[in-house]
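To start, the structure under review is shown below, and the notes come after it.
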Amino acid sequence: MEQVLEKMFFIRTLGDPPDASSPAGPEMRARLSFEGDPSGSLTLRISSKAAHSIAADFLGEEEYAITDQQVGEVICELANMICGSVLSRVESESTFRLASPSILPSTESAAVSPDAAVHAIEIGGGALSVTVDTERAACSAATARGF
Amino acid sequence: MAYRVLIVDDSPAMRSFVHRVICLSGFELSDCFEASNGQEALDLLGREWVDVILTDINMPGMDGEEFLRRLTKEEMLRSIPVVVVSTDATLKRIRRMMDLGARGYLTKPFLPESLRAELERTLGVPCA
């Protein structure tokens with residue numbers, strides 16, 4: 001995850017956030033599902049402030065000039081890259097197929113299964129957490145290593 | 001020589017990023033076209049000539065694999081070099097895309113200078 005943030009989004013991570021469970025304050029969530037062996041989904045949660053900052057840097061624009069739609073598109077791409085990076089490290093007989101990521105409405109439940117692998121980091125402007133939920137609990141260790 | 005590039009990716013943010021990186025890298029770009037999936041790219045190629053194609057794999061509608069298959073079947077298009085830009089870094093996928101005719105493969109995340117290097121390597125541009 002840190003490699004994706006540093007290489008493509010030019011963000012230095014600041015270690016574990018004070019509260020590893022979820023970002024504080026207004027947040028955005030992006031989710032994408034993947035098919036393969038195993039199938040599952042990845043959910044990215046990020047504070048809105050950090051999301052805007054990341055989007056501005058990624059698009060090479062000033063924060064005030066970025067629209068909410070553009071922020072959503074960048075966060076979806078971030079989720080896509082992290083998911084691909086994680087799955088590339090999973091030993092599997094099949095090739096994974098990633099669906100297009102989407103921004104979740106704030107009303108949608110944030111519950112995750114107890115077997116899901118969660119990784120959270122602190123970045124400038126807030127926290128970011130990624131949850132990988134797979135069909136088989138046996139994959140959790142591999143996905144956790146992938147983080 | 002300045003080159004005409006086609007970027008194929010369903011993410012508008014990614015298309016914008018790649019375009020910007022190409023411009024900032026010093027790569028000699030004359031025109032940059034964009035498409036959100038393989039079919040849109042084929043439709044565009046029916047109207048415009050490009051020197052190189054950068055394509056994602058996972059796209060709704062026509063994905064990168066099918067796009068490559070269609071390109072290699074078209075006499076007028078099969079000579080255009082294709083660089084795959086994807087999050088999939090598995091050897092299996094890389095081999096499959098190269099077997100389908102891709103000339104280059106760049107995995108996300110990538111450093112901006114890597115994109116220019118891969119473009120120039122694919123096009124046979126002498127190193128500066």
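So here's what we get for this one:
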| read-out | value |
| --- | --- |
| Any hit, the range A:45-60, residues being of a type in the set (Gly, Ala, Ser), facing chain B (nearest Cβ under 9 Å) and within 26 Å of residue B:89 (Cα to Cα) | yes |
| Where residue B:35 falls short, out of the listed (1) closer than 16 Å to residue A:100 by Cα; (2) more than 14 Å from chain A (Cβ to nearest Cβ); (3) open to solvent by 10 Å² or more (accessible area, probe 1.4 Å) | (3) |
| Filtered residue count, the range A:35-72, keeping only those that are surrounded by fewer than 24 Cβ atoms within 10 Å (Cβ to Cβ) and either among the hydroxyl-bearing types (Ser, Thr, Tyr) or out of contact with any strand residue (DSSP E or B) (no Cβ under 7 Å at 6 or more places or on another chain) (or both) | 22 |
| Residue among B:99, B:63 that alone is among the charged types (D, E, K, R), more than 28 Å from residue A:61 (Cβ to Cβ), open to solvent by less than 30 Å² (accessible area, probe 1.4 Å) and within 14 Å of another protein chain (Cβ to nearest Cβ) | B:63 |
| Residue ID - surrounded by the most Cβ atoms within 10 Å (Cβ to Cβ), chosen from residues in the range B:116-128 that are over 13 Å from residue B:3 (Cβ atoms) and not charged (D, E, K, R) | B:117 |
| Boolean, residue A:79 is closer than 16 Å to residue B:109 by Cβ and at pLDDT 90 or above | yes |
| Residue match in the range B:22-34 (condition: assigned to a loop (DSSP other than H, G, I, E, B) and within 12 Å of the chain's Cα centre (by Cα)) | no |
| Test: residue in the range B:83-93 that is under 16 Å from residue B:5 (Cβ atoms), within 14 Å of chain A (Cβ to nearest Cβ), out of contact with any Cys (no Cβ under 7 Å at 6 or more places or on another chain) and hydrophobic (A, V, I, L, M, F, W, C) | yes |
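Residues checked against (1) within 13 Å of the chain's Cα centre (by Cα); (2) free of Cβ contacts under 8 Å to residues at least 40 places away in the same chain; (3) in a loop (DSSP other than H, G, I, E, B):
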| position | (1), (2), (3) |
| --- | --- |
| A:44 | yes, no, no |
| A:49 | no, no, no |
| A:64 | no, yes, no |
| A:80 | yes, no, no |
| A:83 | yes, no, no |
| A:113 | no, yes, yes |
| A:120 | yes, no, no |
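Table: residues versus (1) free of Cβ contacts under 8 Å to residues at least 60 places away in the same chain; (2) more than 19 Å from residue A:70 (Cβ to Cβ).
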site	(1), (2)
B:4	yes, yes
B:9	no, no
B:18	no, no
B:22	no, yes
B:26	no, yes
B:38	yes, yes
B:49	yes, yes
B:55	yes, yes
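Yes or no, residue by residue, for (1) more than 10 Å from chain B (Cβ to nearest Cβ); (2) at pLDDT 80 or above; (3) over 13 Å from residue A:44 (Cα atoms); (4) open to solvent by less than 10 Å² (accessible area, probe 1.4 Å):
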{"residue": "A:96", "(1), (2), (3), (4)": "no, yes, yes, no"}
{"residue": "A:99", "(1), (2), (3), (4)": "no, yes, yes, no"}
{"residue": "A:118", "(1), (2), (3), (4)": "yes, yes, no, no"}
{"residue": "A:124", "(1), (2), (3), (4)": "yes, no, yes, no"}
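The values are calculated or read from the model by the stated rules, or taken from the named source; none is laboratory data. All of these numbers come straight from a predicted model, not from anything done at the bench. No Cβ is skipped: glycine too gets one built from the backbone with ideal geometry, and neighbour counts run over all protein chains shown. Keep in mind that these areas ignore ligands, DNA and RNA; they rest on the heavy atoms of the full protein, side chains included. Shrake-Rupley method; radii C 1.70, N 1.55, O 1.52, S 1.80 Å.
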